[in-house]
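Report on the following structure.
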Amino acid sequence: MRIDVVTIFPGYLAPLRESLLGRAADAGLIEVALHDLRSWTHDVHQTVDDAPYGGGPGMVMRPQVWGEALDAVIASDSRPPRLVVPAPAGRSFTQATARAYATEQRLVFACGRYEGIDQRVVDHYSRQFPVDEVSIGDYVLVGGEAAVLVIVEAVARLLPGVLGNPRSAAEDSFSDGLLEGPAYTRPEVWRGQAVPEVLRSGNHGAIARWRRDRALERTAKRRPDLLAALPEDRLDAADQAF
Ligand SMILES: Nc1cc(-c2cccs2)n[nH]1
């Protein structure tokens, strides 16, 4: 997968080259290219934004600069892109979105400021490519860069070969629609707290049941919306207690 990120803060995306993603990049599983939006300005001040039509606070990012930048970046690789624009007003980015993005050949991220990019940019490219405005949560950031770090990590970990243990991605929270239950490791007793007996019993059926019950219990308590959204056939008779 090829990932392009257009941003006025390329340094902010440096972590994409570290650790998990660094190894994936070294293994050729992911190719990350960072592009400084200001490279496509032509004035001495490298202006990328302007006052909003209709008045109001803040600044809006200029369509001309974004148009030149995205034309150049998209043309720099033959793989057809999905354009992803993080925005507070975007559709929710979920594990299902991450799974869908993991099947893409190429993602091009446009990092805007909170007040946004001139809408005509999204409208223009939507006529040629799939364009998604996505929100990573109901809170407001200053710019899209942190959202790109989140999205790229959630997507990259699903790519074959990126995670050490592929079962992790299959069994993590949200993969079966439930939150993950509690996890334990050695020592058996820590500060007077013992690991639940069943986990040391070696009875794999009982362990699976216990883990399912803890996941259902936690989901019912913390995210009843997820439980309500579960398709009927995903809860078996033993689950009905939740
Ligand atoms: N979920 C979310 C996205 C954002 C921003 C994207 C771009 C600027 S601010 N805030 N919150």
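No lab work stands behind these numbers, since they all come straight from the coordinates. The structure presented is a predicted model; accordingly, all values stated were derived computationally and were not measured. Every residue, glycine as well, gets a Cβ built from its backbone with ideal geometry; the counts of neighbours run over all protein chains shown.
Here are a few things to note about the model shown:
- Rounded, prolate or oblate (a/c below 1.5 giving rounded, otherwise prolate when a/b exceeds b/c) for the chain by Cα gyration tensor: prolate
- Of V150, P187, V60, farthest towards positive along the dipole that unit charges on Lys, Arg, Asp, Glu beta carbons give the chain: P187
- Taking label points 7 Å from Cα along the Cα-to-Cβ direction, A238 and R38 give a separation of 6.0 nm.
- Dipole-positive endmost among C111, H45, Y101 within the chain (Cβ charges, Cα centre): Y101
- Rounded to whole numbers, the Karplus 3J(HN,Hα) couplings from phi for region 217-222 are 4, 5, 5, 4, 7, 9 Hz, using 6.51 cos²θ - 1.76 cosθ + 1.60 with θ = phi - 60°, and x at Gly and Pro.
- Seen from S92, the other residues with C-beta closer than 15 Å to its C-beta sum to a net charge of -1, counting Lys and Arg as +1 and Asp and Glu as -1.
- The dipole here belongs to region 1-97: it is taken about the Cα centre, uses +1 on the Cβ of Lys and Arg and -1 on the Cβ of Asp and Glu, and is about 340 debye.
- Net dipole in debye of the chain [+1 Lys, Arg Cβ; -1 Asp, Glu Cβ; about Cα centre; nearest 20]: 760 debye
- Rounded, prolate or oblate (a/c below 1.5 giving rounded, otherwise prolate when a/b exceeds b/c) for region 145-242 by Cα gyration tensor: oblate
- Using C-alpha pairs under 8 Å with a sequence gap of at least 6, the mean separation divided by the residue count of region 2-165 gives a relative contact order of 29 percent.
- Extension gain (nm, one decimal) between Y114 and R223, 0.36 nm per residue minus Cα-Cα: 36.4 nm
- Between the alpha-carbon centres of region 110-160 and region 12-63 there is a gap of 11 Å.
- Note on A72 and V140: with the Förster distance fixed at 35 Å, the Cβ-Cβ geometry gives a FRET efficiency of about 0.75.
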